[in-house]
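S.K.: Structure provided below as C-alpha cells; questions to follow.
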Amino acid sequence: QVQLVQSGSELQKPGASVKVSCKTSGYTFSRYPLTWVRRAPGQDLEWLGWINTNTGNPTYAQGLTGRFVLSLDTSVSTAYLQISGLKAEDTAVYYCARAPFGENYLDYWGQGTLVTVSS
Amino acid sequence: QSALTQPASVSGSPGQSITISCTGTRSDIGGYKYVSWYQQHPGKAPKLMIYDVSNRPSGVSNRFSGSKSGNTASLTISGLQADDEADYYCSSYTSSSTLVFGGGTKVTVL
C-alpha cells in the first residue's frame with residue numbers, strides 16, 4: 001500500500017538548519033509529484049511547494065525565501081525539505097503529500113514532522 | 001486570516017447530516033473545479049475525502065459528498081457516525097497555480 005513516512009521531530013536553535021525526509025513506498029516514485037505543506041501553531045495549512053519526482057525540478061510558493069530547498073534521492077524513493085537559517089516562525093508541523101500528476105489534490109500524506117525552533 | 005473560510009466547529013447527533021462550508025474567492029474556489037476535502041483525526045495524517053469538488057476516492061464512504069456554488073464549496077456528511085469526529089480541511093487550486101487551505105472545521109458527534 002502507498003506509504004509516506006516522515007522523519008521524527010526536530011528541536012533546533014535559531015539560525016540552524018534542518019532536513020526533513022519523506023520516504024515513500026508502495027508505488028512508482030517518479031510518477032507522482034510530492035508537495036510540502038506546513039501548519040504553524042494557530043495558523044492555516046500553508047502550501048510550500050512541490051517537486052517533480054521525474055525531473056527533480058522544484059517549484060516554491062511565492063514569497064518563500066531561498067531558505068527552503070526541496071530535493072530528492074530517487075535511489076531510496078525519498079524526498080527532502082531542508083530549511084536553513086531557522087527562525088522561530090518556522091516552528092510548525094511539516095507534511096509531505098503525494099499529488100497525482102496534473103491533479104490539484106493530495107491523495108496520500110505523511111504523518112507530519114514537528115520542527116520546533118527555540119533557543 | 002484564513003485563505004479559505006470554514007466554520008470553526010460543526011456538531012450533530014449520530015445519524016444526522018451536517019454540512020461544512022468553505023468560502024473563497026473567484027481566484028480560487030469560484031474559478032476552478034478543483035476543491036478537495038481532507039479528514040484528520042488527532043495525531044494522524046490527513047486523508048483525502050473528496051477531490052475535484054464532488055469526487056470520492058476509492059474506499060471513501062458515500063456518506064461523504066461535496067458540492068460547490070459560486071465561491072463556496074460544501075462537504076456534507078450524512079448518517080453521522082462516531083468515527084466521523086475529526087478535523088476537516090478544504091483546499092482549492094488558485095489562479096497563482098498554488099493550493100490554498102481553509103482553517104479547518106472540528107466535527108463533533110454528540
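S.K.: Rolling a 1.4 angstrom probe over the protein heavy atoms, how many square angstrom per residue are accessible across the protein assembly as shown?
M.R.: 46
S.K.: Give the Rg (one decimal place) followed by the Dmax (whole number) of segment A:1-118, computed from C-alpha coordinates and expressed in Å.
M.R.: 13.4, 38
S.K.: I've got another one for you. Need the per-residue list for segment B:70-105: every residue with at least 30 Å² less accessible surface in the complex of protein chains than in the chain by itself, probe 1.4 Å, sorted by number.
M.R.: Residues shielded by partner chains are B:Tyr89, B:Thr98, B:Leu99, B:Phe101.
S.K.: Another question, then. Give me Rg/Rg_expected for chain B, where Rg uses Cα atoms only and Rg_expected = 2.2 N^0.38 Å with N residues.
M.R.: Taking N as the residue count of chain B, the ratio is 0.99.
S.K.: Ignoring ligands, DNA and RNA and using a 1.4 Å probe, state the total buried accessible area between B and A in Å², rounded to the nearest 100.
M.R.: Roughly 1600 Å².
S.K.: What spacing in nm lies between the two simple spin-label points modelled at A:Val5 and A:Ser75, each 7 Å away from Cα in the Cβ direction?
M.R.: About 2.0 nm separates the two model spin labels.
S.K.: Please compute, for peptide A:101-110, the average count of beta-carbon atoms on other protein chains lying within 10 Å of each residue's beta-carbon.
M.R.: Other-chain Cβ atoms within 10 Å of each residue's Cβ, averaged: 6.
S.K.: I'd like the carbon and sulfur percentage of the solvent accessible area for segment B:2-73, probe radius 1.4 Å, heavy atoms only, ligands and nucleic acids excluded.
M.R.: C and S fraction of accessible area: 44 percent.
S.K.: Here are some pairs, A:Lys19/B:Lys44; A:Lys23/A:Lys87; A:Lys87/B:Lys44; B:Lys33/B:Lys106; A:Lys87/B:Lys68; which of them have Cα atoms lying more than 28 Å apart in this structure?
M.R.: A:Lys87/B:Lys68
S.K.: Please turn the phi angles of segment B:54-63 into ³J(HN,Hα) values with the Karplus equation 6.51 cos²θ - 1.76 cosθ + 1.60 (θ = phi - 60°), one per residue in order, whole Hz, x for glycine and proline.
M.R.: 9, 8, 9, x, 4, x, 8, 4, 6, 6
S.K.: What length, rounded to one decimal in nm, is gained on full extension from A:Lys19 through to A:Ala88, with 0.36 nm per residue of separation minus their alpha-carbon distance?
M.R.: 23.2 nm
S.K.: Once you've got the GNM for chain B with C-alpha springs shorter than 10 Å, pick whichever of B:Ile29, B:Ile50, B:Ile18 has the biggest mean-square fluctuation.
M.R.: B:Ile18
S.K.: Oh, and also: If you roll a 1.4 Å probe over chain A with all protein chains in place, what percent of the accessible area is carbon or sulfur?
M.R.: 47
S.K.: Out of every Cα-Cα pair in the protein assembly as shown, what percent are more than 21 Å apart?
M.R.: 55
The values are calculated or read from the model by the stated rules, or taken from the named source; none is laboratory data. Since this is a predicted model, take the numbers as computed values, not measurements. Cβ: placed from backbone, ideal geometry, glycine included. Neighbour counts: every protein chain shown. Side chains are part of the model used for accessible areas, which takes the heavy atoms of the whole protein and leaves out ligands, DNA and RNA. Shrake-Rupley method; radii C 1.70, N 1.55, O 1.52, S 1.80 Å.
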